[in-house]
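A quick write-up on the structure given underneath.
Derivation of every value follows stated rules applied to the coordinates shown; laboratory data play no part. Bear in mind the structure is a predicted one, so any value in this text is a computation, not a measurement. Every residue, glycine among them, receives a Cβ derived from its backbone with ideal geometry; neighbour counts consider all protein chains shown.
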Amino acid sequence: MAPKNCKTAKELAKEMKEISFSEFIATNPHLVGFESSVKMIPMSIHEILTNSLDACESAGILPEVWIDLKSLDDKGRLKRYKLTVRDNGPGILPKNVPLVFGKLLYGSKFGVRRQSRGQQGIGVSAVVLISQIKTGEHAIVKTSTNGKKSHVFELSVDVDRNSAKVHDSHEEKAEGWKGVEISVILEAQFSARIMEYIELTAAINPHLSLHYDGVNEADRLEVPRRTEELPAIPVETKPHPSGADYDLLKRLAARTRYSTLNDFLKGEFDRVRSDVSKQIIAGCKDRLDVRKKPADLCKEELMALAEAMSGAQTLPPSTECLSPVGEATLVQGVVSRLQPAFIEAVTRKPRAMRGQPFLVEVIIAYGCGAELGGTGESSIDPVTGVYIHRFVNRVPLLFSESGDVTLKAARDAGLARYEIAPETRSHLFVHVAGVNIPYTSESKEAIKFVDEYYEEIRLAIQECGRKISKHIRRIKKSEEEAVKGKRKAIIHSLLLRQLNRYAGAKVAGPEYAAAFGFDNCVSEVEEEYGLDVFREEKPERRAPESRRAVAAAGGD
Ligand SMILES: Nc1ncnc2c1ncn2[C@@H]1O[C@H](COP(=O)(O)OP(=O)(O)OP(=O)(O)O)[C@@H](O)[C@H]1O
């Protein structure tokens, strides 16, 4: 017998309704990373700050950002905070303000084939939405595009319509300021990860000048920019053939202006010239009618084409769409904060995943003397015993590490093999620069397990680990050779070599070391080994036979 309250198809049909995307997110805030009160402030800062950086860089402006966090009333475990973030970017046209801040899935970066921090058009409007559903308060947005007038809006998200409700708007004098300022009220739990997020963002964005005024005296930070140079603006590129699949080919073929297969391949894909196009066509001509227009190819033909494209010999993807941080900048940002005994960096060649290029940069800082502001024991990976810091497109990722491909790759890299163990107080930094990053969810907290990403990250960590273990071997050797009086020279040359390589300096002097953030590391070596690092030392003389033997063995 059927149980009670069963429904007929007609009754079920009456219950069906369409919901807006805002309503969906309001009932599922975890999908955009706002499921816990601890994440509320760092996630909001992240969404707003990344927009400021993207906007400034696109407009060729050196970014300066002011973050202000004030505690409001006390409500037991959860407090209300007022978060205000102001930038010096290009500003937003007043007519676009309600769309940017009051409509989810509205933005300028969706489907764009170049590296950017944002990609979905959800971030800042989700902050406004989550703020209003928890506190009932509206967001206040100010913007000025000319430095004369600023437009002020009080707005919220109309959840049923996924559009903005503007409660008030007026003009004010801008007094020379151009940019965007947003204030929201958040119901949240304070967390040390706020400072960690801000510090890591500053470390990986040396062109950013950042002012953070937090809830108390200790919760303040002034980070001046370390370079006046803006990162190169990534240029939009075409998809790379190695990652083309049926769906991508179907969409491109449907709207292409090319009428032959050869022109379609050369015109719509990166790195496809005549030789590569011929190779691809030869690889599928038995399963495809080459005389057809691309738009007329059927499903089986497009599948055959995708297969031939993935097997073709091509150059790696163009890199103009990417903006890696660069080894020198990464090393500088890390050294000045963590004071490692030594540090190594590795940059892999770009690769494509579904036609979307990406590249991996890795740093291992070994034997660190300092900690990052918010780094507690929780950041240490219990399996590898090292601090793992993940970054994507110059943005730190703080949450959902267990689901991130980076953690799996770091664990599988076998760091212990390179003598990088818990007691060495080592930090591993992994930066992925890419187009359309395969995140695990819309909250963009972790990268999915994707073979190409896994392989590149693991190989980069292993390559870096090998470099580190070379230093460890040298230090050990120097200890063994101490009796022979060679230790000083070995440590000295090791340090100078690092300075030269990363600073590009021909002669490394004490001022240069200080400017580059190596001074702490120098004084540590000096104290520990009783050595004057910058004193001129004559190179050791070797017998001609032994020099030749070292060269033949590939030594330096
Ligand atoms: N401070 C700002 N200055 C200039 N433009 C901005 C600023 N903040 C947001 N925008 C514009 O508003 C759009 C929407 O921002 P939003 O944070 O909602 O999404 P997004 O950054 O495009 O993507 P994601 O959801 O992945 O963060 C951006 O694409 C950008 O064009």
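Below is a table of values for the structure above.
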quantity: Contour minus Cα-Cα distance for Ala59 and Leu315 (0.36 nm per residue); calculated: 89.0 nm
quantity: 3J(HN,Hα) from dihedral phi, region 36-50, Karplus parametrisation 6.51/-1.76/1.60, rounded to Hz, x for glycine, proline; calculated: 10, 5, 5, 7, 4, 6, x, 5, 5, 4, 4, 5, 7, 5, 5
quantity: Cα-only radius of gyration and Dmax that characterise region 327-473, units Å; calculated: 14.2, 44
quantity: Compactness of region 290-394 - radius of gyration and Dmax, Cα, Å; calculated: 21.2, 67
quantity: Theoretical FRET efficiency, 1/(1+(r/R0)^6), r = Cβ-Cβ of Asp263 and Ser441, R0 41 Å, to 0.05; calculated: 0.60
quantity: Set of region 383-420 residues, backbone N closer than 18 Å to the point 7 Å along the Cα-Cβ line of Glu463; calculated: 391, 393, 406, 409-415, 418
quantity: Viscosity 0.692 mPa s, 37 °C: Kirkwood-radius Stokes-Einstein D of region 75-198 over Cα pairs, µm²/s; calculated: 212 µm²/s
quantity: Cα-based reach from Lys292 at 30 Å (exclusive), listing lysines while leaving out same-chain residues under 8 positions away; calculated: Lys238, Lys250, Lys266, Lys278
quantity: Over region 241-311 - Rg/Rh using Cα atoms and the Kirkwood inverse-distance radius; calculated: 0.89
